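Everything below concerns the one structure shown next.
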Amino acid sequence: MPAPNPEMAPVSKTSLEARSTAESIVAVFNHCFAAPEGLNTRLCGGFSEPYYRPAGDQQGYHQVEFTLDYAASALHEVAHWCVAGEARRQLPDYGYWYAPDGRSAEQQAEFEKVEVKPQALEWVFARACGLRFRVSADNLESGLGPSASFKEAIWRQVQHYCAQGPNQRARTFTAALAEAFTQSDPLNGDAYHLSELS
């Protein structure tokens, strides 16, 4: 992806003040990525379930869909979009099959393995918005909460992102969120503590 255009005006802070947090996140994302000559991707809320819809016959742009008006869902779905590579972004829901609530301990361990990077990015995005991040085990029915090793893996991944930088899409979104929500550097590793995830 090309570097962000330095001449692109930031989203107006006064226009964000009149919006809900989720609407503001949508405005920032779409400002960064919706241009047809860019990544041609829009973020949209109001759905009963999150989903990624690539451009096709029905619409000429890619769409990241999040649940209702939940800011956390918006950030989580953007994190998945940032992690997904070019080929995955051409497939409905990135080509993944979703195991529903009620997963076994083995299925839950596999879920945690693939969720480390998106949830680490979600934590960075939440900090850029001034929001609290909560680890999602996404398995309420079985009573299996996030494991200690999962939380530690997320924290370690955040430290890696802070030290090495995430990919260009994630960097662009993080910087735009921090500016829009007037937050200090969300890629400062010292700001993240494992104890926050308990």
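The values are calculated or read from the model by the stated rules, or taken from the named source; none is laboratory data. Just so we're clear, the structure is a prediction, and the values are computed from it rather than from any experiment. Only protein heavy atoms, including side chains, enter the accessible area calculation; ligands, DNA and RNA are left aside. Shrake-Rupley method; radii C 1.70, N 1.55, O 1.52, S 1.80 Å.
Please list Lys151, Lys117 in order of solvent-accessible area, largest first, computed with a 1.4 Å probe with all protein chains present. Could you put the intermediate results ahead of the total?
Numbers: Lys151 45, Lys117 105 Å².
Of Lys151, Lys117, the descending order of accessible area is Lys117, Lys151.
Whole-Hz ³J(HN,Hα) for each residue in the stretch 146-151, computed from phi via Karplus 6.51 cos²θ - 1.76 cosθ + 1.60 with θ = phi - 60°, x for glycine and proline: what do you get?
x, 6, 4, 5, 5, 4
Which percentage, to the nearest 5, of the DSSP beta bridges contained in the stretch 35-76 is antiparallel?
Values: 3 of 8 bridges.
Looking only at bridges with both residues in the stretch 35-76, the antiparallel portion is about 40 percent.
Per-residue accessible area for Thr182 at 1.4 Å probe radius, Å² rounded to 10?
100
Ordered by residue, what ³J(HN,Hα) values in Hz, to whole numbers, does the stretch 55-70 give under the Karplus form 6.51 cos²θ - 1.76 cosθ + 1.60, where θ = phi - 60° and Gly and Pro are x?
Ordered by residue, 3J(HN,Hα) equals 4, x, 5, 7, 8, x, 9, 7, 9, 9, 9, 10, 6, 6, 10, 7 Hz.
Taking a 1.4 Å probe, which of Tyr61, Tyr51, Tyr94 shows the most accessible area, and what order do the others take after it? Spell out each step's value before the answer.
Values: Tyr61 55, Tyr51 75, Tyr94 15 Å².
So, going from the largest accessible area down, we get Tyr51, Tyr61, Tyr94.
With a 1.4 Å probe and all protein chains kept in place, how do Ser24, Ser48 rank by accessible area, largest first?
Numbers: Ser24 5, Ser48 95 Å².
Highest to lowest solvent-accessible surface, that is Ser48, Ser24.
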